[in-house]
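Structure, as structure tokens:
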Amino acid sequence: MSTTETSQFVRLRVELVVEVENVEAITGAALRRIAEDSDMPADERVHAESAVTEDTAEALAYLVDPFDLVGDVPGVELAQASWSSEGIDYDPDSPEWGLDEDDDREDEEEDGLG
């Protein structure tokens, strides 16, 4: 069988909660990555620098690359990716916190319940 005949698309959802221990390190790394991107137009560079300087979540999103998650997985080619980040209130000891919380709401919406 050819690759085309056996190809499948799979949506892989990953949600991470990270604790930022050093804002300056993240911001500095994001600024360095922007500076090293020779293909970035000047106006986009100014916008990106401003965004990562003002918002740690933006800086982190700039540093995270979905290709890094699957780039070395044999037999897989990244077809499309999108990601975002946002600051959240997080209490690991709270019984109200659950990683699948959003998934339950999406399932209800798909079933016409939400």
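The values are calculated or read from the model by the stated rules, or taken from the named source; none is laboratory data. What you see is a predicted model, and the numbers here were worked out from it, not measured in a lab. FYI the Cβ positions are ideal-geometry reconstructions off the backbone, even for glycines, and counts take in every protein chain you see. Accessible surface areas use protein heavy atoms only, side chains included; no ligands, DNA or RNA. Shrake-Rupley method; radii C 1.70, N 1.55, O 1.52, S 1.80 Å.
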Scan segment 33-44 for residues that are without any contact (Cβ under 8 Å) to a residue 12 or more places away in the chain and open to solvent by 50 Å² or more (accessible area, probe 1.4 Å) and jot them down.
Ala35, Glu36, Asp37, Ser38, Asp39, Pro41, Ala42, Asp43, Glu44
Subset of segment 83-95 (residues that are under 28 Å from Ala51 (Cβ atoms), of a type in the set (Gly, Ala, Ser) and either in contact with a Gly (Cβ under 7 Å, 6 or more places away or on another chain) or modelled with pLDDT under 85 (or both)):
Ser84
Note: among Ala51, Ala30, Ala25, just one is modelled with pLDDT of 95 or more, open to solvent by less than 60 Å² (accessible area, probe 1.4 Å) and in contact with a Leu (Cβ under 9 Å, 6 or more places away or on another chain), namely Ala30
Does segment 2-13 contain any residue that is closer than 16 Å to Ser85 by Cβ, part of a helix (DSSP H, G or I) and open to solvent by 100 Å² or more (accessible area, probe 1.4 Å)?
no
